[in-house]
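For reference, the structure is listed below as structure tokens.
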Amino acid sequence: MEPISLARGVPAPECLPLADLADCARAAILSDGETVLSYGPGGGYPLLREWIAECHGVDPARVVLTNGSLQGFQFVAELLAPNGPVLVEAPTYDRPLKILASLGAEVIPMPLDEEGTMSSGAFLYTIPTFQNPTGRTLPVDRRKRLAKLAKGGLLVLEDDPYGLVRFEGKAPPSVFELARGENVVYSSSFSKTVAPGLRVGYFVLPELLAQKVESAAASAYITPALLSQATVYGFLRRCKLASSLERVCGLLRQRRDAMISALERYLPEATWTVPEGGYFLWLELPGVRTADVRPEGVTFVPGTDFFVGPGGENALRLAFSYESPAVIEEGVRRLASAVRAAMLLSRAA
């Protein structure tokens, strides 16, 4: 039986613009090889920093490129977590939780379906668009509240790797935009929109914090991956992003629809989110613990991984980004069989 991964948020191979990236990498070496194949500034490839800065209406000095956005989170957390508690959504992305735990940080969870009243701490970490793990998008009024908290003194770290992977609906303004860049760190990545193997993420930070993060980056790896960053810059400069996103969104929408159709067919008694984009949906099981569900040859991420302390015991994250629609259907069928087997055992106990 072939294994099926509904666990990792990895783009399907056909999402990757291989030929375009090969051309851009070659062009970067031929046109600027002495720069991109040597050591460079800790903040990253200057032309890409300038391009991102223009998109966000900030000075390039506020932009720091990192080897994926998660590494940038590590730098920010190392700098700020000693200053007080870190506020996170509940549930939230499990990798930042692991980083914060390794730093011994105090972490305070805030349920996604509650307003939350905390207004002080080291920083607040949020994924407001197509959230990992739930796929939910924060409504505009909640975003305005976060912007108000930022203007009131609480630093907000807005992580937005999925925002451009939108299948339908209208994109809401970012927290960064609503706060006019005041006391908001905006983080994104080209992993979900171009290719994860390039490892190009970026942060738009308040100027003083940008200097500290750039210094931390230089200390960590001496020089950034300039060739990858220059390749991304060439991809953007050639206006390839829009056509690439159109292809990626079409492919992932088919996969999301296949997963929802399969859940409706095989597991209608469960509940799930219906994201308008992104890579994931959140599944809540009826009367059974996720730990008791063992589908044959199917992997997923249990909901408990995304909480600080208790939570998510009957939930799981399903990724629809990688497997084909037909394989997704088979994976959900196996999962549903395992859920029903667990329900029978639970009733018999």
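The values are calculated or read from the model by the stated rules, or taken from the named source; none is laboratory data. Remember, it's a predicted structure, so these values are computed and weren't measured experimentally. Positions of Cβ are generated from backbone atoms using ideal geometry, with glycine treated the same way; all protein chains shown enter the neighbour counts. Only protein heavy atoms, including side chains, enter the accessible area calculation; ligands, DNA and RNA are left aside. Shrake-Rupley method; radii C 1.70, N 1.55, O 1.52, S 1.80 Å.
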For the stretch 189-194, what does the Karplus curve 6.51 cos²θ - 1.76 cosθ + 1.60, with θ = phi - 60°, yield as ³J(HN,Hα) per residue in whole Hz, taken in order and with x for Gly and Pro? 7, 9, 5, 8, 9, 10
Listed residue (194, 228, 216) projecting farthest to the positive dipole end of the stretch 165-229, Cβ model: 194
Does the stretch 157-199 come out rounded, prolate or oblate, given a ≥ b ≥ c as the square roots of the eigenvalues of its C-alpha gyration tensor, rounded meaning a/c under 1.5 and, failing that, prolate meaning a/b above b/c? oblate
The answer for the chain, counting only DSSP H helices whose Cα atoms cover 20 angstrom or more along the axis and whose Kyte-Doolittle average is 0.5 or greater, is 18-36, 325-348
Taking every alpha carbon pair in the stretch 41-139, what does the distance histogram look like in 10 angstrom bins from 0, in percent? 14, 37, 35, 13, 0
About the Cα centre, and with charges only on the beta carbon of Lys, Arg (+1) and Asp, Glu (-1), how big is the dipole of the stretch 120-247? Nearest 20 debye, please. 300 debye
Counting DSSP beta bridges with both partners in the chain, what percentage is antiparallel, nearest 5? 50 percent
Find how many whole Å separate the alpha carbon centroid of the stretch 229-277 from the alpha carbon centroid of the stretch 174-216. 22 Å
Within the stretch 176-238, DSSP-loop GluC sites (Glu not before Pro) with at most 15 other C-beta atoms within 10 Å are 182
Charge dipole (debye, nearest 20) of the chain; +1 at Cβ of Lys and Arg, -1 at Cβ of Asp and Glu: 220 debye
When ligands, DNA and RNA are left out and all protein chains stay put, how many square angstrom of accessible area per residue does the stretch 99-192 have with a 1.4 Å probe? 42 Å²
Neighbour-limited loop hits for GluC sites (Glu not before Pro), the stretch 271-306 (at most 11 other Cβ within 10 Å; DSSP other than H, G, I, E, B): 296
Please say if the stretch 297-349 is rounded, prolate or oblate, where rounded means a/c under 1.5 for a ≥ b ≥ c the square roots of the C-alpha gyration tensor eigenvalues, and otherwise the choice is prolate for a/b larger than b/c and oblate otherwise? oblate
When N counts the residues of the chain, how does its alpha-carbon radius of gyration compare numerically with 2.2 N^0.38 Å, as a ratio? 1.02
Using the heavy atoms of the protein chains and a 1.4 angstrom probe, tell me the accessible area per residue for the stretch 250-349 in square angstrom. 44 Å²
Where the only charges are on Cβ atoms (+1 Lys, Arg; -1 Asp, Glu), what is the dipole of the stretch 9-146 about its Cα centre, to the nearest 20 debye? 260 debye
Rounded to a whole number, what % of the accessible area of the stretch 22-64 do carbon and sulfur atoms account for, probe 1.4 Å? 53 percent
Counting only protein heavy atoms and using a 1.4 Å probe, what share of the accessible area of the stretch 90-183 belongs to carbon plus sulfur, as a whole percent? 50 percent
Out of the total accessible area of the stretch 208-264 (probe 1.4 Å, heavy atoms of protein only), what percent is carbon and sulfur? 53 percent
Looking at the stretch 131-189, which trypsin sites (Lys or Arg not before Pro) are DSSP coil and have at most 15 other C-beta atoms within 10 Å of their C-beta? 170, 180
